[in-house]
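Just so you know, all these numbers are worked out from the coordinates, no wet-lab data involved. What you see is a predicted model; the values in this text were computed from it and never measured. Note that we place each Cβ from the backbone using ideal geometry, even for glycine, and neighbour counts take in every protein chain shown.
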Amino acid sequence: MDGSTRVPPPRNEPVLTYAPGSPERAELRTRLAELAGAPLELTLTLGDEQRMAGGERFDVVQPHRHAAVLGVCAQATPADAQAAIRCARDAAPAWRELSPDDRAAVFLRAADLLAGPWRQTLNAATMLGQSKTVQQAEIDSACELADFWRYNVHFARQVLAEQPESAPGTWNRSDHRPLEGFVYAITPFNFTAIAGNLPTAPALMGNTVVWKPAPTQQFAAHFLMRLLEAAGLPPGVITMVTGDGAAVSEVALADPALAGIHFTGSTRVFQHLWRTVGENIGGYRSYPRLVGETGGKDFVVAHPSADVDVLRTALVRGAFEYQGQKCSAASRAYVPRSVWTRLRDDLVDTTEALSMGDVSDLSHFLGAVIDRRAFDRLARVLDRARSDDALTVVAGGTADDAEGFFVRPTIVEGTDPGHEVFTTEYFGPVLAVHVYDDADYDAVLTQLESVAPYALTGAVVARDRAAIAAAERVLRFAAGNFYVNDKPTGAVVGQQPFGGGRASGTNDKAGAAQNLLRWTSTRVIKETFVPPTDYRYPHMS
Ligand SMILES: NC(=O)c1ccc[n+]([C@@H]2O[C@H](COP(=O)([O-])OP(=O)(O)OC[C@H]3O[C@@H](n4cnc5c(N)ncnc54)[C@H](O)[C@@H]3O)[C@@H](O)[C@H]2O)c1
Ligand SMILES: N[C@@H](CCC=O)C(=O)O
């Protein structure tokens, strides 16, 4: 990656179909049965040591069958966090001295292992632990993660190759150093790919990392760590700590060597981390880089010229795939009355027919929401919606936790576009619809632009080019990823670099050169070949 070698050109990992009779389907079924049948100890990884964290133990279960335990995990204690930071510090000199090509090779090998022999392990772990259907697991834990690793190597090469001009008689060089200290990567439950990307992107740039996965993603995170080891990641480059992170943050955010935070999760937690760093700012060796991709209240706005079939598909897939638990999920839609008249019954029937259940049965479109907390929160949202005169529940509206945390895909019609259903992130399968008079398209664009604090994803569905152009113009700052005649989910690494602004994050675009730049601290070296030997300038004579 110093410019003298060629790296394999990146390509997006093809999405396998898992159609009946396919070899990938058979292999996945075997792996699902194996992983479901053998509960694991979900340990910390501290250098070459794996042991249970010292705090309270808890079970990691299948969300769609909450009696089925996948493993036992434990809360990391402050002492565990200190041990992790020590590992990161000890591993740093050798890792940053390794050539960029050698570091890149680890992640290119990890990508090939993932796309090949490890594919069904990561898919099965993600399906069982996070209740993803096979389609949702395949685009996440197999394809997107392999893409992150391959494209990051490609983009890192561009970052490292970036060099300044040199005037005659001088040679200027940029030395893209890693940060001085450790990076703290904190990852969400909903994407195994994000869990894999957040610690490895800073590591690729020469940093060592303390990684804390979400407890509800810990099952797949465990296998991810094993995969990185199999790919040749040296011990200590990424240490993995388990649990909810409170004790880890107490230690990590107070450590003078905290060099950066790579976070994805809720706006509330990111703001808490940022605030704590602010309070401790005088105590760090350098200013920690704060990179966070957070919540969303993502919109689909339809114009009277919209194709109803395109709109219906964008809404069903955009709102309900993975139970609406994507930061990018369509959670509010603005539909002109003439289109709603033709769309409503069909959309409701399609939604009511979506099959939901244990994701090991590959025929389902939906699984369960992630845990008891999410279930209770969403059940309360549905209760409120049913008793609110300003809202009409037109599809779904029920939840059942007898076997798993199941929430029916729900559509709520709301007359007031300033209502909470159009502004609050619920992070579940709840789509709010506002029906507007056809003549009010421009006013609707203006209203939806800033009614919610977020600016992550959004989509316009229209055939009229002027309507598309108006949406692009008016909504320029309302989304970091904007879609025309498509659902607002499913960004592909290398094609739609992902991230949003406002309360949705720092928009450092995961899987792009912009993100990798944040994990470097550039030193510029100027060398003068024939230096001056007299301090005086000509104008002084
Ligand atoms: N913008 C994006 O790219 C993106 C992607 C995925 C998810 N998200 C957002 O993530 C949220 C859902 O994910 P979640 O429920 O896992 O989010 P969350 O904020 O509850 O948790 C995220 C991570 O932070 C950890 N955490 C919480 N408090 C902590 C603390 N004090 N110290 C250290 N770690 C702490 C959690 O254990 C978890 O690992 C939604 O708001 C969603 O929009 C955003
Ligand atoms: N990058 C994903 C969303 C990640 C957040 O949950 C998408 O584009 O759907």
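Some notes on this structure:
- Measuring gaps between exposed loop sites in the chain (GluC sites (Glu not before Pro); DSSP loop; at most 16 other Cβ atoms within 10 Å), the longest gap, sites not included, is 181-402.
- The angle separating the long axis of helix 100-115 from the principal Cα axis of greatest extent in the chain is about 30 degrees.
- Label separation (residue 287 vs residue 469): 4.1 nm, computed from points 7 Å beyond Cα along the C-beta direction.
- Look at where the Cα atoms of region 27-52 and of region 143-167 average out, and the two centres are 32 Å apart.
- On the beta carbon distance between residue 48 and residue 102, with R0 = 25 Å, the FRET formula returns roughly 0.85.
- When the alpha carbon gyration tensor of the chain is reduced to an equivalent ellipsoid, its three semi-axes come out at 41, 30, 22 angstrom, largest first.
- Zone of residue 495's modelled label, taken as backbone nitrogen in region 132-158 under 20 Å from a point 7 Å along Cα→Cβ: 133-155
- Antiparallel DSSP beta bridges within region 298-484, percent to nearest 5: 20
- A full extension of the chain between residue 384 and residue 523 corresponds to an added length of 44.5 nm, given 0.36 nm per residue minus the alpha carbon distance.
- With R₀ set to 60 Å, the beta-carbon distance separating residue 533 from residue 82 gives a calculated FRET efficiency near 0.65.
- When you restrict to C-alpha pairs under 8 Å that are six or more residues apart and normalise by the size of the chain, the relative contact order lands at 17 percent.
- Computed label-point distance, nm, for sites residue 89 and residue 230 using a 7 Å Cα→Cβ extension: 3.4
- Degrees, to the nearest 10: 23-36 long Cα axis against longest axis of the chain: 90
- On Cα atoms only, tilt of 145-161 relative to the major axis of the chain in degrees: 40
- MRE, 222 nm, helices only [DSSP H, n ≥ 4, -39500 (n - 2.57), over the chain, to nearest 500]: -11500 deg cm²/dmol
- Distance from region 62-116 to region 234-272 (C-alpha centre basis), Å: 13
- Extending 7 Å from the Cα toward the beta-carbon at both residue 485 and residue 400 defines two label points whose distance is 4.0 nm.
- When trypsin sites (Lys or Arg not before Pro) are flagged only if DSSP places them in a loop and at most 14 other Cβ atoms lie within 10 Å, the longest unflagged stretch of the chain comes out as 12-284.
- In this structure, residue 279 and residue 451 have a Cβ-Cβ separation that, at R0 = 22 Å, corresponds to a calculated FRET efficiency of about 0.10.
- From the alpha carbon centroid of region 337-382 to that of region 418-471 is 20 Å.
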